[in-house]
Structures are given as structure tokens and as C-alpha cells.
Amino acid sequence: MRAPQFHYPHRYPDALGVLRLQLTEARQVSLADGLWVPYGRDLTREGAHLVDEFPADRGRVDRLAYAPGDWEVVASEIFTRHGRVKVGFLSGGHGRGIVLLRLHTSEVLTLRIVWPDHSPGEMFAPA
């Protein structure tokens, strides 16, 4: 189910396509809760797409944290069809290539980023 149309279309970027996200079924002893393949390195667009198209049965994203060196365009907030979502920075100890999502249930998910310029075989390789 898609998110409803946002009332301020000038703040919301055009749709990017299908959300390329694979989540684990349940929290396991693993390095990540899922894999995300963004279309580019603009966090304002990719983050809004991730929040808008995130599977509703897993919850709604209300905060996002990232490593600033991973993205060419960064932000302290992103505008989505659900409203404004606060964005924060990860400390250097978290490393790069991950995004943390806090859901409205207070659950925190770790997503491993697979950049679109990597080969498809790398997408599901162990971290």
C-alpha cells in the first residue's frame, strides 16, 4: 500500500521506482536487519523514498541516522508523505555503509547499504 499524497509536492521529490529493500523476518544475531539498494547518493530523495515505501507491516519510520561520508547530499531532516522525519549522524564507531531506522514502536533496525554501482552478486554477500 502506498503512502497518501503529500500536501506539499514541492517538498517531496519525484518517485524513484520500486523500493529495493530486503528485511530479515525477525531480529537475529546478525550484523544487519536488512539490505537497502538506493538509486543514488542523495539522502533527501533516497531517505524520503525509504520512509514512504517502508513495509507498513514492519512499522513506520520516525527517525533515520546515517554516516555523512556515504552520501553526496545530506540533510538534518527529510520531507516524506508521512510528514517531516528527523535525521541524525552516526558516530565514527558505527562505520560506513549502514543506516539506522527507528520505528514508531521504538524498534531500531540496521540496514546495510548496497550502492547501485556494485555488482548484483555483492548485494546478498555476507557483511
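The values are calculated or read from the model by the stated rules, or taken from the named source; none is laboratory data. Since we're looking at a predicted model, the values are computed, not measured. Because the Cβ atoms are built from the backbone with ideal geometry, glycine has one as well, and the counts that use them run over all protein chains shown.
Details
- Of all the listed residues (Arg45, Arg58, Arg63, Arg20), the sole one being among the basic types (Lys, Arg) and over 12 Å from the mean Cα position of the chain (by Cα) is Arg58.
- Taken over the stretch 61-89, residues that are surrounded by 15 or more Cβ atoms within 10 Å (Cβ to Cβ) and in contact with a Pro (Cβ under 7 Å, 6 or more places away or on another chain) amount to 2.
- Among the residues making up the stretch 63-84, those that are under 17 Å from Trp36 (Cβ atoms) and in contact (Cβ under 8 Å) with a residue 40 or more places away in the chain are Asp70, Thr80.
- Exactly one residue out of Tyr39, Tyr8, Tyr12 is surrounded by fewer than 16 Cβ atoms within 10 Å (Cβ to Cβ), modelled with pLDDT under 90 and of a type in the set (Phe, Trp, Tyr), and it is Tyr8.
- The number of residues in the stretch 83-127 that are at pLDDT below 85 and touching a strand residue (DSSP E or B) at 6+ places or on another chain (Cβ under 9 Å) comes to 4.
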